[in-house]
Amino acid sequence: MTSNSIKVKFDEKDYSEEYQVVCICSTLQDYRLSWHLNRLFDINLEKFDDFKYFSTKSKQEILSSLFLFYDNANDLHYHLISNRNAGQYLLPELKQVDYLLFLKGCFEKNQLEQNIRNISNIPNVIMAYTEEFSKIKDINILLAELEVHNLKFYIKNDYDFS
């Protein structure tokens with residue numbers, strides 16, 4: 001008997017040139033943090049379908065809340081994603097982190113540092129910092145899956161990337 005399933009293998013892409021990751025430790029609920037970030041950056045993060053990620057470490061599927069915004073004028077992508085749900089971690093090596101803010105696009109270093117200081121000043125945000133990609137296992141796999149997941153959002157909202 002032959003199988004009709006198709007296996008797709010992705011070459012692991014290095015996303016460290018395209019993305020910055022801001023780790024956020026906070027007691028805020030995801031929608032409250034999203035609201036604060038919207039006001040802080042003058043953006044409109046929208047709740048999207050939960051991100052489903054299969055953890056190679058725990059061998060379980062992890063659901064994480066996801067908020068997205070694409071700034072078409074400046075070609076900047078904002079992805080706010082929860083790192084923990086029901087005792088599971090999207091990135092287990094960052095157990096102290098509650099949220100990950102993935103920024104895709106051209107952010108100047110001093111602009112990024114100012115953004116982190118501003119995030120740290122949000123009430124009930126304990127700490128915000130950037131983490132090097134080399135210190136996060138499977139970050140490239142996670143970002144590849146996140147980009148595929150986000151295609152639905154961009155199609156739904158009819159974004160023009162030209």
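Name the one entry in Leu91, Leu100, Leu76 that is buried (at least 19 other Cβ atoms within 10 Å of the Cβ), of a type in the set (A, V, I, L, M) and under 20 Å from Glu46 (Cα atoms).
After applying the criteria, what remains is Leu100.
Just to verify a result, which residue in segment 51-76, among those that are touching a residue at least 60 places away in the same chain (Cβ under 8 Å) and in a strand (DSSP E or B), is farthest from Leu143 (Cα to Cα)?
The extreme case among them is Tyr70.
Residue by residue through segment 97-143, note down the ones that are under 11 Å from the mean Cα position of the chain (by Cα) and closer than 26 Å to Gly87 by Cβ.
Listed by number, the residues that qualify are Tyr99, Leu100, Leu101, Phe102, Ile139, Leu142, Leu143.
Mind checking which pairs have a first residue in segment 36-47 that is in contact (Cβ under 8 Å) with a residue 24 or more places away in the chain and a second that is surrounded by fewer than 16 Cβ atoms within 10 Å (Cβ to Cβ) and assigned to a strand (DSSP E or B), Cβ under 7 Å, 6 or more apart or different chains?
Hits for this filter: Ile43/Asp71.
So which residues in segment 44-103 are out of contact with any Leu (no Cβ under 9 Å at 6 or more places or on another chain), more than 21 Å from Cys25 (Cα to Cα) and among the charged types (D, E, K, R)?
Of everything in segment 44-103, those that are out of contact with any Leu (no Cβ under 9 Å at 6 or more places or on another chain), more than 21 Å from Cys25 (Cα to Cα) and among the charged types (D, E, K, R) turn out to be Lys57, Lys59, Glu61, Asp71, Asp75.
Any residue at all in segment 28-44 that's at pLDDT below 95, under 18 Å from the mean Cα position of the chain (by Cα), in a strand (DSSP E or B) and surrounded by 12 or more Cβ atoms within 10 Å (Cβ to Cβ)?
For segment 28-44, residues at pLDDT below 95, under 18 Å from the mean Cα position of the chain (by Cα), in a strand (DSSP E or B) and surrounded by 12 or more Cβ atoms within 10 Å (Cβ to Cβ): absent.
Of everything in segment 131-157, what is over 19 Å from Phe67 (Cα atoms) and either outside any helix (DSSP H, G or I) or hydroxyl-bearing (Ser, Thr, Tyr) (or both)? Give them in sequence order.
Glu131, Glu132, Ser134, Ile136, Lys137, Asp138
Asn150 - would you say it is at pLDDT 95 or above, of a type in the set (S, T, N, Q), touching a Leu at 6+ places or on another chain (Cβ under 9 Å) and surrounded by 12 or more Cβ atoms within 10 Å (Cβ to Cβ)?
When the stated conditions are applied, Asn150 does not pass them.
The values are calculated or read from the model by the stated rules, or taken from the named source; none is laboratory data. Predicted model only: the values in this text are computed from it and were never measured. Positions of Cβ are backbone-derived with ideal geometry, glycine not excepted, and every protein chain shown enters the neighbour counts.
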